[in-house]
Number of protein chains: 2
Amino acid sequence: MNGLHYVGSESGRRYEIEQSRWIGDGGELLDLCEFAKPLNREALTDRPKTMWRYQEVLPPLNAGPVSLGEGLTPLVPVSIDRPRLLAKVDYLMPTLSFKDRGAVMLAAVARALGAERLVADSSGNAGAAIAAYAARAGIRCEIFVPGATSRKKVAQIEAHGARVIIAGTREDAGAAARRAAVDGIFYASHVYNPFFFQGTKTYVFEIWEQLGGRLPDVLVLPVGNGTLVLGVHLGCQELLRFGLVDRIPRIVAVQAEACSPLTQAFQQRWPEAKPVRNLGTRAEGIAIAAPPRHKQILKAVRSMEGQIVAVPDEALEESQRALSQSGLYVEITSAVNYAVLRVHAHLFHESDVVVIPLCGAGLKSA
Amino acid sequence: MNGLHYVGSESGRRYEIEQSRWIGDGGELLDLCEFAKPLNREALTDRPKTMWRYQEVLPPLNAGPVSLGEGLTPLVPVSIDRPRLLAKVDYLMPTLSFKDRGAVMLAAVARALGAERLVADSSGNAGAAIAAYAARAGIRCEIFVPGATSRKKVAQIEAHGARVIIAGTREDAGAAARRAAVDGIFYASHVYNPFFFQGTKTYVFEIWEQLGGRLPDVLVLPVGNGTLVLGVHLGCQELLRFGLVDRIPRIVAVQAEACSPLTQAFQQRWPEAKPVRNLGTRAEGIAIAAPPRHKQILKAVRSMEGQIVAVPDEALEESQRALSQSGLYVEITSAVNYAVLRVHAHLFHESDVVVIPLCGAGLKSA
C-alpha cells in the first residue's frame, strides 16, 4: 500500500498491509516501515493549520476527505503566574480528545484498503474518535467498551452512528473486538495498529514548532496503552534524525497507582511488565492492566532517559480543580499530568520548561 | 482606556469605559468607538495561530495572559460528498463554544479596569466561557442562569470556581445580574458590553483567511441575542472598508420557531421586534424572547441583504444526527444551522459556497 509495509517487532520481517492484518505470525506486534522524509521547516508557513502540515513525516495516505481539521492545538501557560509550565490543550480536537490524532489515520488506512466495516475496543475516548472518523469515511463501525464506560462516552459513540457493545472488563472488550475482526472487517486498534502512532507523533512536532523549533526540557505524558509515549518517541527520533533538534526532552510518564504495571516494571528494572489487577481508579483512560506494547513502552522511556511514576487517586480531584480554576477544564484522567508535578516534585527543576498534555475535555467525565 | 471609548447607540455621545458602565443615559445601548486599523494580510504568516492574529482590528488590550489559545477553528466540508457546504467547527474553543471569542475580550477588559469581581447572566455557554476566563484572569465571578439550564453546563461553570445563581427565566437571570452589578463589580454581559462583538467578529476574519482571502456566498448564523450576527456585521464592514473583500455574503439568520421575535419583525418589515413568549424549544442557546439589541440586529441583517427565518424543533434531532454521522457532534442548538438548509432550501443555490457554524459541542447537551 503506497510503498508502505508492516515490520514484525521481534522478527523484523515484512508483512503486507491488508485489511485482516493486525498482528504478526506467532503473535508478534507490528510496527510500520521507515518512510519519513526530512521535514522542510521553511515550507511550514503555507501549510494547513492542522496536524497534516508535517506531510513529509506522515504516511502517504489521501486523508483529506476524512479530516475534521484536527491538530495544531493551543500551547499555553497553565496559569498566568507560571510561564514555564505549559499546557498542550489537546482536547481541542473534533471529538474532544487527543485520540483524534491516531483515529483519523486509522480511518484513512481503512478507507484506502476499501474496508466497509471496522471494529475497535476502547475505554471511551478512542472509541468516540474512531466512531467519528469511521462515520466521516462512510465505514460501518462497532465499538466494544468495558461495562464501566461512562454513559456520556457511550452516547457520544452512538451519536456517530456506531454500534456499541458492552463487554465486561477492558480486557474482555479487547478480546471481543479481536474475535469480531474476521475477514473483511478492519480492526481499528489504537494499540495494535502502528498507523495510530504516526498520528500521535504529531503531538511532539507541534510542540517543537510552537516553541520556535525547540523541544521543552520535560514532557509529561500519561501512559496506559502508551499511544502518546510511543508516538512521542517516534517523533523525537525523527526530529533528531533530521537535525531539527539536538537533544530529546526528559520524559515523565505517569500512571494511576491503582493500575500501574509499567511503573512497577520500570522501577524494578524489568524488561517487561507483568499484568496487574486494576484495583480501581478514576483515571479510567489509562487503567490498562496488561498493555500489549509494554516492552516497547519500557524501552522507549528508557531510551529517552525518562521515568515512569504513579500518582494516587487522592491527588486527582485537587489537580482537576487547580486546572479548572485556571480556565482549563479537563476530564479526571488528564488530571494525572498535573498531579505528578506535586507528587513527584523532585523530578522537576525550577528552571525547566515543562509541557503537560490536557488529553480529554472535562465534559467527558463531568 | 487605551484611547477607546463607548458611543451611545441613539445619541452618538461619548462615554468613558469604566467598570460600572454597561448602558448609556436613558437606557441607550453602548457601542465601541472606531479604532480598527487596516489589516496587513501579508503579515499574517508569522502571527499566532489564534484569533489574536488579526491584531490591527482588535482592541488594544493586553489580552495575552488571559488567552487560552482561542480561535482559528477548523473550516471543513460538512461531509465528504458536499465540498461546497462548509462547517466552521467553532466548538473547538477552550470552553467548547464560540462564546470564548467574546468572553476572552470581556475578561481582558475587566482585568485592564482592575476589576476584582464580575457578574454575568447566560443560558449556559456564555456563562461557562466567562467563568473560565474570569478564573484565568484571577477575577471572582458570579453567573446567573435560568432554571432550565442543563446540569452539565452548571457543573462546567462551577468547575471554574464561579458561583452559580439560579434565577427563574432567562429574563429573570438578566435582571438579577444587573441588580448585582453595582459599584466596583464589572458586568461581563455578552449582550450589553460591545467588546464582546469585537471578539465574535474574528469569526468572519478567520473564514476570510481560510478561504484564501474570500468570503463565501452565504453565511448561516444562529440568532438569539445576536452576538454572532453583530460580530459578523462588524467584521464584514471592516473587510469591505479595508479593501480586503469587494462584496459581503448573503446572511441567513436562524431562530427556533418557538421563540422567534426577530423572525417575526423581519418578515413584518418592522424596525423593531416585539417581545414574544418562549413557547419552549430545545434550542435553548438562542431562545431569547426579548433581545435587547433587536433594532441593531434587524438593521444589520437588512444592510447585508440577509434573511431571518425560523426552523421548527421537529427538524433539530434529525439535523443533529446528520452532522454526527458525518463526524461532527454538536449540541442541539447548533442543529438549527443545518436544519435551515432543508427547511428553507429555496434560500440556497446549488452553486453557493455556504458556511454554517457549529457553535457548541455535543457533550454540552448530551
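The values are calculated or read from the model by the stated rules, or taken from the named source; none is laboratory data. All of these numbers come straight from a predicted model, not from anything done at the bench. All Cβ positions, even for glycine, are placed from backbone atoms using ideal geometry, and neighbour counts span all protein chains on display. SASA here: full protein model, heavy atoms, side chains in, ligands and nucleic acids out. Shrake-Rupley method; radii C 1.70, N 1.55, O 1.52, S 1.80 Å.
So for the protein assembly as shown: antiparallel DSSP bridges make up what percent, rounded to the nearest 5?
30 percent
Once B and A are treated as a pair rather than alone, how much accessible area drops out, both sides summed, in Å² to 100, probe 1.4 Å?
Summing both chains' loss of accessible area gives about 3200 Å².
For A:Gly114, place a label point 7 Å out from Cα along the Cα→Cβ vector, do the same in each other copy, and report the separations in nm, one decimal, smallest first.
Going from nearest to farthest copy, the values are 7.3 nm.
Which one, A:Ile80, A:Ala135, A:Pro94, is farthest towards the positive end of the dipole of region A:74-156 when Lys and Arg carry +1 and Asp and Glu -1 on their Cβ?
About the Cα centre, the residue reaching furthest to the positive side is A:Ile80.
To check you understand DSSP bridge types, tell me what percent of the beta bridges within region B:140-280 (both residues inside) are antiparallel, rounded to 5.
Roughly 10 percent of the DSSP beta bridges within region B:140-280 come out antiparallel.
For the protein assembly as shown, go through all pairs of different Cα atoms, get the mean of 1/r, take its inverse, and jot down that Kirkwood value in Å.
That comes to 26.1 Å for the protein assembly as shown.
List the residues of region B:1-50 for which accessible area in the full set of protein chains is at least 30 Å² lower than for the chain on its own; 1.4 Å probe, protein heavy atoms only.
B:Thr45, B:Lys49
Among the residues of region A:133-180, which ones have their accessible area go down by 10 Å² or more when all the protein chains sit together, as opposed to their chain alone (1.4 Å probe)?
With the partner chains in place, region A:133-180 has these residues losing at least 10 Å²: A:Ala135, A:Arg136, A:Lys152, A:Ala155, A:Gln156, A:Ala159, A:His160, A:Gly161.
Using DSSP, restrict attention to beta bridges with both residues in region B:30-146 and report what percent are antiparallel, rounded to the nearest 5.
Among the beta bridges of region B:30-146, antiparallel pairing accounts for roughly 40 percent.
What is chain A by shape, rounded, prolate or oblate, if you read a ≥ b ≥ c off the alpha carbon gyration tensor as root eigenvalues and call it rounded for a/c under 1.5, prolate for a/b larger than b/c, and oblate otherwise?
Rounded shape, in that the Cα axes give a/c under 1.5.
Ignoring any ligand, DNA or RNA, what whole percent of the accessible area of region A:259-366 comes from carbon and sulfur when the probe is 1.4 angstrom?
C and S atoms contribute 48 percent here.
Just the number, please: carbon plus sulfur as a percent of the accessible area of region B:1-117, 1.4 Å probe, no ligands or DNA/RNA counted.
The computed percentage sits at 45.
Run through the other copies and list how far each one's label point is from that of B:Arg277, in nm with one decimal, shortest first; the point sits 7 Å from Cα along Cα-Cβ.
Relative to the other copies, B:Arg277 has label-point distances of 6.2 nm.
Which residues of region A:314-336 bury at least 20 Å² of accessible area once all protein chains are present, versus their chain alone (1.4 Å probe)?
Residues meeting the cut-off: A:Ser324, A:Gln325, A:Ser326, A:Gly327, A:Tyr329.
By the scheme Lys and Arg +1, Asp and Glu -1, what is the net charge of all other residues having a beta-carbon under 12 Å from that of A:Glu238?
Residues close to A:Glu238 contribute a combined charge of +1.
Pull out a ≥ b ≥ c, the square roots of the eigenvalues of the alpha-carbon gyration tensor of region A:37-104, then state rounded if a/c is under 1.5, prolate if not and a/b is larger than b/c, and oblate in the remaining case.
oblate
Per residue, how large is the accessible surface of the protein assembly as shown? Use a 1.4 angstrom probe and give square angstrom.
Here the residues of the protein assembly as shown average 36 Å² of exposed surface.
When only Cα pairs under 8 Å and 6 or more residues apart are kept, what is the percent relative contact order across chain A?
The normalised contact order for chain A reaches 16 percent.
Rounded to the nearest 500, what is the 222 nm mean residue ellipticity of chain A from helices alone, with -39500 (n - 2.57) per DSSP H run of 4+ residues and division by all residues?
Computed ellipticity for chain A at 222 nm equals -9000 deg cm²/dmol.
Please check: in the Gaussian network model of chain B (C-alpha springs, under 10 Å), which one of B:Ala128, B:Ala322, B:Ala107 has the largest mean-square fluctuation.
B:Ala322
Specify the residue with the greatest mean-square fluctuation among B:Ala134, B:Ala265, B:Ala87, computed from a Gaussian network of chain B linking alpha-carbon atoms under 10 Å apart.
Fluctuation is largest for B:Ala265.
Among B:Val223, B:Ala167, B:Ser123, flag the residue with its Cα farthest along the positive direction of the charge dipole of chain B, charges on Cβ as +1 for Lys/Arg and -1 for Asp/Glu.
B:Ala167
Running a GNM on chain B with Cα contacts under 10 Å, which residue among B:Gly285, B:Gly174, B:Gly327 ends up with the highest mean-square fluctuation?
Of the options given, B:Gly327 has the highest mean-square fluctuation.
Need one word for region B:92-189: rounded, prolate or oblate. Basis is the Cα gyration tensor (sqrt eigenvalues a ≥ b ≥ c); a/c below 1.5 gives rounded, then a/b vs b/c decides.
oblate
What are the label-to-label distances in nm, one decimal and shortest first, from B:Pro38 to the same spot in the other copies, with labels 7 Å along Cα to Cβ?
Counterpart label points of B:Pro38 in the remaining copies fall at 4.0 nm.
For B:Lys37, which lysines qualify as cross-link partners when the Cα separation must be under 22 Å and same-chain residues fewer than eight apart are set aside?
B:Lys49, B:Lys201
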